[in-house]
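Below is one structure, written out as structure tokens, with a few remarks after it.
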Amino acid sequence: MQSYGDESRPLAALSLPSRIVIGVAACAVAVIVAIHLAMMFLHVAPQNTLSKQQGSLISDYVYPEYEQNWKLFAPNPLQQNVAVQVRAQVRAEDGSSRTTDWTDLTARDGRAILHNPLPSHTEQNQLRRGWELFVNSHNAQGRPIGTRGELAERYIRRIVMFRMQGEWTAAGGRVERIQVRSRTAAVSPPPWSTEKISDKPVYRVQPWWQITSADLPEGANSQ
């Protein structure tokens, strides 16, 4: 009768150092999984002593990679497509000024994600989360509500300049001001629905923002 003893015990055939490496790796994976589950549990669970004490650490771990978004589910699923668009006033080296066309940053993020099995969380969340923070911390006239609104505005300016400065100044010059707007369009109802929804987009246009050196990507020349 043929013995299968050796084949049924593959680890036994490994050297002692190999078994030690596998054991350490398995323990490391178990620790990482346990930490991840603990962080996610503390994030979604009701506030408790530990989550209050370590709130900053938990938020730093969760956002933006493991963000929890419940807008897909009832009773209030998200029923709008919101696109963030930007343009700039650029001062050329000869002193002349030009205004660029509108650029749809949300559409660019969408194209980067399309057919990508492992999309960047920057492409998925950075602009969207930044704009949500901006809208929730500004009034209908685009004025910031407290310090949080001012921080949100600076954050949007930095995102725009990080993504667009090189493109806007490729022919020389410098960006003096930028303008941001959102384009909101309702999601069309399914064919079987009798619901009537306007397909006309609504624009929310912000005033022109002056750009300073604090808004530029790290290492860029001061303006």
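Worth pointing out:
- Taking trypsin sites (Lys or Arg not before Pro) in DSSP loop states with no more than 11 other Cβ atoms inside 10 Å as exposed sites, the chain has its longest site-free stretch at 72-195.
- Of the solvent-accessible surface of the chain, computed with a 1.4 Å probe and all protein chains present, 56% belongs to carbon and sulfur.
- Restricting the stretch 73-149 to chymotrypsin sites (Phe, Trp or Tyr not before Pro) that sit in a DSSP loop and have at most 16 other Cβ atoms within 10 Å of their own Cβ leaves F73, W102.
- Normalised by residue number, the volume inside the convex hull of the Cα atoms of the chain is 294 Å³ per residue.
- Each label point was placed 7 Å from the Cα along the Cα-to-Cβ direction; for N139 and I113 their separation is 3.3 nm.
- Helix 127-136 axis versus longest C-alpha principal axis of the chain: approximately 60°, rounded to the nearest ten.
- Helical runs (DSSP H, four residues minimum) scored at -39500 (n - 2.57) apiece and divided by the length of the chain put the mean residue ellipticity at 222 nm at -12000 deg cm²/dmol.
The values are calculated or read from the model by the stated rules, or taken from the named source; none is laboratory data. Nothing here was measured: the structure is a model prediction, and the numbers come from that model. Note: ideal-geometry Cβ built from the backbone for every residue, glycine included; neighbour counts use all protein chains shown. We work out accessible area using only protein heavy atoms, side chains counted, and drop any ligands, DNA or RNA first. Shrake-Rupley method; radii C 1.70, N 1.55, O 1.52, S 1.80 Å.
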